[in-house]
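The values are calculated or read from the model by the stated rules, or taken from the named source; none is laboratory data. Remember, it's a predicted structure, so these values are computed and weren't measured experimentally. When we count neighbours, we look across all protein chains shown, and the Cβ atoms used for this are built from the backbone with ideal geometry, even at glycine.
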Amino acid sequence: MLQSGGQNLDTEPESGALELEAGAGELGSGRPPRQGYWRLVGRQFGKNRMSVGGLCILLFLFVVALLAPFLAHEEPIYLHMDGETYWFVNVRDIPELRRVNFGQWEPGEGEAMIQPPIPHSPLSVNLRRRLEAPSSDHWLGTDDRGRDVLSRMIWGCRISMSIGFVAVGIAASIGVVVGALAGYYGGYVDSAAQRLIEIMMCFPQLILILALLAFVPEQNIFIIMVVLGVLGWTGIARLVRGEFLKLRESDFATAARATGVSDVRLMFRHLLPNALSPVLVSATFGVAGAILMESALSFLGFGTPPPTPSWGEILSQSQTYINRPDGSWWLVTFPGVAIFVTVCSFNLVGDGLRDAMDPRLRQ
């Protein structure tokens, strides 16, 4: 209660101030409650049905890759044999069961086993059943060595997803560090980082990967992950650099710098969380690109070493048997569709994230 000129002036906070303090609109004010940034992004993303559909497909593929031993394996999940009970034989190394061929073993009296839905190992070779068309025993047919294509597709999903995420994780780590240093310090550091990025972008990625793999004495899936990650960081670095150039002179950065915060803490604790939005979108597209690159390398014979199951490796077999009367169409169709659907799903999710994070496109 303030007195001025003999009059009492009641000063009360405005409704807008109350809303800022409470974090929500007042009843009857007609203003909607405030929302967190990621909740708002989630709501905007949910309005894009194509992107939501792509996300559902990716979640399904992630579950398939995670549960591959329980979906396609020759060894049982549960086994009761010779008076002993064994659980999760398909993911455990049990010495007394190493010599048992579960593909031909039949339970006797008092014995039982529970096998995965597809009771075929991706590595089991049966030359008498090579290049069989889809049937009730082999739902997607067999390859040139009699191995079940569906089992190899399921395990190949694990390979493709792991390569995509690990390669993009390596690329994002390098790109964030280089971009943060270039954008925050500027000057000579920025010039050196820019020249390095330009040099890396001049090399054709596929040709450079093939040249590097030529010097590797033995093909290894981890080498492919590292090579894809080391060569794919330039786009992320440029995005992070641009965000840091914009954020380093902002008010909250100046206030944090005035309190004596170190450069490392200021960059990675205060600035980086506000620069991650374009990185997430770029990483989504990067996973799709890494999966497509691995499939191309496997198709050319430079990818995952045999007999490791891979979508590109299955697809490469069709080159030899395309002139058969039946064309071995199952070796082309199923891995090709899997690669196409996975890459499209990642691209749809990336488009949805980009639109949801852009305030100009919000509805």
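A few points about this structure:
- Summed over region 202-215, residues that are among the aliphatic types (A, V, I, L, M) and either loosely packed, with under 12 Cβ neighbours inside 10 Å or free of Cβ contacts under 8 Å to residues at least 12 places away in the same chain (or both) total 3.
- Only one of Leu315, Leu292 that is assigned to a helix (DSSP H, G or I), touching a residue at least 40 places away in the same chain (Cβ under 8 Å), aliphatic (A, V, I, L, M) and on the phi < 0 side of the Ramachandran plot: Leu292
- Residue-level check: of (1) outside the structural domain of Ala290 (by TED's automatic domain parsing); (2) touching a strand residue (DSSP E or B) at 6+ places or on another chain (Cβ under 8 Å), Ile154 misses just (1).
- A residue that is surrounded by 12 or more Cβ atoms within 10 Å (Cβ to Cβ), closer than 30 Å to Cys344 by Cα and assigned by TED's automatic domain parsing to the domain that holds Val341 can be found somewhere in region 254-272.
- Unique residue being at pLDDT 85 or above, under 30 Å from Trp155 (Cα atoms) and small (Gly, Ala, Ser) when the list is Ala193, Ala258, Ala290: Ala290
- Residue match in region 295-311 (condition: farther than 23 Å from Arg130 by Cα, assigned by TED's automatic domain parsing to the domain that holds Ile223 and at pLDDT 90 or above): no
- Positions within region 165-188 being without any contact (Cβ under 8 Å) to a residue 24 or more places away in the chain and crowded, with 21+ Cβ neighbours inside 10 Å, in sequence order: none
- If you go through region 313-340 and pick out every residue that is over 12 Å from Ser295 (Cβ atoms) and of a type outside the set (D, E, K, R), you end up with 17.
- Meets criteria (in the same structural domain as Cys344 (by TED's automatic domain parsing), within 30 Å of Leu228 (Cβ to Cβ) and touching a residue at least 24 places away in the same chain (Cβ under 8 Å)) for Ser162: yes
- Between Gly187, Gly183, Gly169, the distinction of being under 24 Å from Ser262 (Cβ atoms) and either within 25 Å of the chain's Cα centre (by Cα) or at pLDDT 90 or above (or both) belongs to Gly183 only.
- Complete set of residues in region 104-124 that are surrounded by 13 or more Cβ atoms within 10 Å (Cβ to Cβ) and part of a loop (DSSP other than H, G, I, E, B): Trp105, Glu111, Gln115, Pro116, Pro119, His120, Ser121, Pro122, Leu123, Ser124
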